[in-house]
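We did not get these values from a lab; they are worked out from the coordinates using the rules stated. All figures in this text were calculated on a predicted structure; none of them were measured in a lab. No Cβ is skipped: glycine too gets one built from the backbone with ideal geometry, and neighbour counts run over all protein chains shown.
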Amino acid sequence: MTAPPIHPYALVILRVLGILVGAFVLTLIINRLIRGVWLSVTKMIQKRKDASDAELEKQAATIAGILRKTAAVLIYAFAVVTALKEVGYDVAPLIAGAGVVGLAVGFGAQNLVRDVIGGFFLLVENQIRVNDVVLINDTAGLVEEINLRTTVLRDGEGTVHVIPNGSITKLANRTFEFSFYAFTIPLAYSDDPDRAIAVMRAAAEEVSGEDPYKSSILAPVEIFGVDQLGDAHVTIKGRIKTLPGKQWEVGREINRRIRARFIASGMTVPIRSATTIETVNANPEVLKQMIREVLAEQPKGKV
């Protein structure tokens, strides 16, 4: 007995399925190749010590993501055209029509072209990468995706912002190569600034020598000294250099320890100003001065 012949439509369906499966497999292979190439390039750059591991991982993830998406679009577009030919559809008019439509749309798609060109330069110039913390047009957030047309940010509240690349007029990258945590510490006029600076330096050095912070700190703390003379207190300014994205974690811990050391040393920690209740209780002379100023403002004979 001979097997019954396969229906022509069944053969067409099998060929179409084969094309789509082949496109899927080819996409996986291309993704693996892209990943392998970028791992090799990353290792070569690491040997030359041109950038830190974290920076290379960000750059590789960003560019590899763009290449994977572009390859997938091209592969599936070719697969769809081939599948249409298999089912007997004449794709020549479709391709010609697509060219005419593309030309017509091109005249009215200046914003689209601008966005794509903007995305291209973002990638080529390595301005931002996936997982960077950036400020784009006054919108701050973590970079989740960089596409040729848009950049996707997620802010601290979890809100997703999709920004066309062509509309980016101001960009600040807070996690490029390294970061600084800058801190300003208020100090009452009655306290010695040199003593306060010594306490701040000791607190920062303590943090720098402990896990998990020491691996994130790249340089000793810098204390610039008295930065401002305010109406109620002076301000001491400093900063510490950290790995990208680690500045806030390190800075919060340094601030906590500075406050604890100030209190333990008997120094004033202004809350709002040197004339708050907390500061007045710690500085009786401030209270006396306030009373004298109030009495001076009262008309004679009214007190």
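Some points to look at:
- Rounded, prolate or oblate (a/c below 1.5 giving rounded, otherwise prolate when a/b exceeds b/c) for the range 179-273 by Cα gyration tensor: prolate
- Cα gyration tensor category, rounded, prolate or oblate, for the range 127-173 with a/c compared to 1.5: rounded
- Burial ordering of Val162, Val250, Val134, fewest other beta-carbon atoms within 10 Å first: Val162, Val134, Val250
- Counting other Cβ atoms within 10 Å as a rough exposure proxy, the listed residues Val207, Val73, Val81 run Val73, Val81, Val207 from fewest neighbours to most.
- Extension gain, Val152 back to Ala264 (0.36 nm per residue minus Cα-Cα distance, nm): 35.7 nm
- Distance between the pseudo-spin-label points of Val21 and Phe180 (7 Å out from Cα toward the beta carbon): 6.0 nm.
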